[in-house]
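The values are calculated or read from the model by the stated rules, or taken from the named source; none is laboratory data. Every value quoted in this text rests on a predicted model; they were computed, and no experiment measured them. Neighbour counts run over all protein chains shown; Cβ positions are idealised from the backbone, glycine included.
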Amino acid sequence: MTQSLARNLLHTVFSTKDRRPFRRDISLREELHRYLGGILINHDCQPIIIGGVEDHVHILSTLSRTCQAAEMVKEVKRGSSLWLKTKSPDLRDFGWQNGYGVFSIGFSQVETVRKYIAGQAEHHHQISFQDERVAGVLLG
């Protein structure tokens, strides 16, 4: 075989620093999700769906064969944090938490994870992100 091929699917989750609900403005949140997708594309990672609520983000994407998961998350968080700080004086102190969750998923799980991410607002009316994390029920 003369070429390399990899098709890895990741569900990545990270929150705002101190769980601060910076992302209340829905139009800015949607713009941020598009920006996150652009960062992924620039790293040869294909975004499938990006969603979340005021204090955290979920990303379902591929992982390029030349990119490490930790490097992808670092670049997504770094680039989006710098970008968000330019959007409003209220966001000058914006930051993402240091940690993150990254879960590999199988192709048969794509639709389930896609629906889970798309339904975040409704989902978190029923269970908080913190309770979900403690219970270990994050879809991954």
Inset, instruction - Among the strands (runs of 3 or more DSSP E) lying completely within the range 1-116, list those that include at least 1 residues that are surrounded by fewer than 16 Cβ atoms within 10 Å (Cβ to Cβ) and polar (S, T, N, Q). - result: 8-15, 101-105
Inset, instruction - Return only the number of the condition from (1) without any contact (Cβ under 8 Å) to a residue 24 or more places away in the chain; (2) within 18 Å of GLY101 (Cβ to Cβ); (3) small (Gly, Ala, Ser) that GLY51 does not satisfy. - result: (1)
Inset, instruction - Could you pull out the residue among ARG65, ARG78 that is in contact with a Ser or Thr (Cβ under 7 Å, 6 or more places away or on another chain), basic (Lys, Arg) and within 25 Å of ALA6 (Cβ to Cβ)? - result: ARG65
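Looking only at the range 13-41, count how many residues are over 25 Å from PRO89 (Cα atoms) and touching a residue at least 24 places away in the same chain (Cβ under 8 Å).
2
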Legend entry - Filter result for the condition that a residue is among the hydroxyl-bearing types (Ser, Thr, Tyr) and either over 23 Å from GLN120 (Cα atoms) or modelled with pLDDT of 95 or more (or both), over SER81, SER15: SER81
Inset, instruction - Check PHE103, PHE94 and return the single one that is touching a residue at least 12 places away in the same chain (Cβ under 8 Å) and closer than 24 Å to LEU9 by Cβ. - result: PHE103
